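The values are calculated or read from the model by the stated rules, or taken from the named source; none is laboratory data. The structure displayed is predicted, hence computed values, not measured ones. Ideal geometry is used to build each Cβ from the backbone, glycine not excepted, and the neighbour counts take in all protein chains shown. Side chains included, ligands, DNA and RNA excluded: accessible areas come from the protein's heavy atoms. Shrake-Rupley method; radii C 1.70, N 1.55, O 1.52, S 1.80 Å.
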Amino acid sequence: MLNNELYVLSQQESEEIHRILLALTQEILLLEQPILANNDILADLDVIGAKAQYGNITSGFVGQIKEERTINLYQARHPLIEPNVVVPNSFYLDEEKRLIIITGPNAGGKTVAMKTVGLLVYMHQCGIPLPTSRPAELSYFDHIYADIGDSQSLMDNLSTFAGHISNLASIVKQVTSRDLV
């Protein structure tokens, strides 16, 4: 008899829990749009906070957006290399000076320098503070193209040089004056 009574009370408790949860769910559904909008706002604030925190950690600056074609990075540091190891580089390009040629021995930092420019331009377009010694001045680029790394393919009988030429030919077909290569 006590077992039956315990079973009935347990069932009633489960039914009451179900009823309460159903009522709460229906109340929340009435507020679905404001709750989802609030979640979006919280996500935006979280992203802004993360960017600010990153800027503080890297002693970075939010870059200035320029209408004219400009890349002005002063003592830019690659963000993935330890600050006490990375060698800062400065870059200045504009409508008249649109090309940089970097030469030097193997392991001389050429690829790191190119990756730094591309990565910082992309970070700037995402509103992330840049690891530079003063605020950068950068224009907006519609597309960012890169050909970095070993493109050698033995199966396609493609040397590293030929692989890069093939990639650059593909980029040249699509690039405009509003892009960064």
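When region 66-84 is limited to residues that are farther than 13 Å from P131 by Cβ and among the β-branched types (V, I, T), the one that is farthest from the chain's Cα centre (by Cα) turns out to be T70. Report whether or not E82 is of a type in the set (D, E), over 30 Å from S177 (Cβ atoms) and assigned to a loop (DSSP other than H, G, I, E, B). So E82 fits the description; yes. Checking each residue in region 79-102 for being surrounded by 17 or more Cβ atoms within 10 Å (Cβ to Cβ) and either in contact with a Gly (Cβ under 9 Å, 6 or more places away or on another chain) or hydroxyl-bearing (S, T, Y) (or both) picks out P79, N89.
Would you confirm whether or not region 29-50 contains a residue that is in contact (Cβ under 8 Å) with a residue 60 or more places away in the chain and not in a helix (DSSP H, G or I)? Checked against the condition, which is being in contact (Cβ under 8 Å) with a residue 60 or more places away in the chain and not in a helix (DSSP H, G or I), region 29-50 yields no hits at all. With respect to (1) assigned to a loop (DSSP other than H, G, I, E, B); (2) more than 25 Å from L180 (Cβ to Cβ), the lone exception for Q12 is condition (1). A count restricted to region 64-78 and to residues that are hydrophobic (A, V, I, L, M, F, W, C) and open to solvent by 70 Å² or more (accessible area, probe 1.4 Å) stands at 1.
Of the residues that make up region 64-78, is at least one at negative phi, basic (K, R), touching a helix residue (DSSP H, G or I) at 6+ places or on another chain (Cβ under 9 Å) and part of a loop (DSSP other than H, G, I, E, B)? Yes, because at least one residue in region 64-78 is at negative phi, basic (K, R), touching a helix residue (DSSP H, G or I) at 6+ places or on another chain (Cβ under 9 Å) and part of a loop (DSSP other than H, G, I, E, B).
Residues of region 134-181 that are at pLDDT 75 or above, among the charged types (D, E, K, R) and over 24 Å from the mean Cα position of the chain (by Cα): K173 alone. Total residues in region 103-152 satisfying the condition of being among the hydroxyl-bearing types (S, T, Y), closer than 16 Å to H164 by Cα and either open to solvent by less than 40 Å² (accessible area, probe 1.4 Å) or not in a loop (DSSP other than H, G, I, E, B) (or both): the figure is 2.
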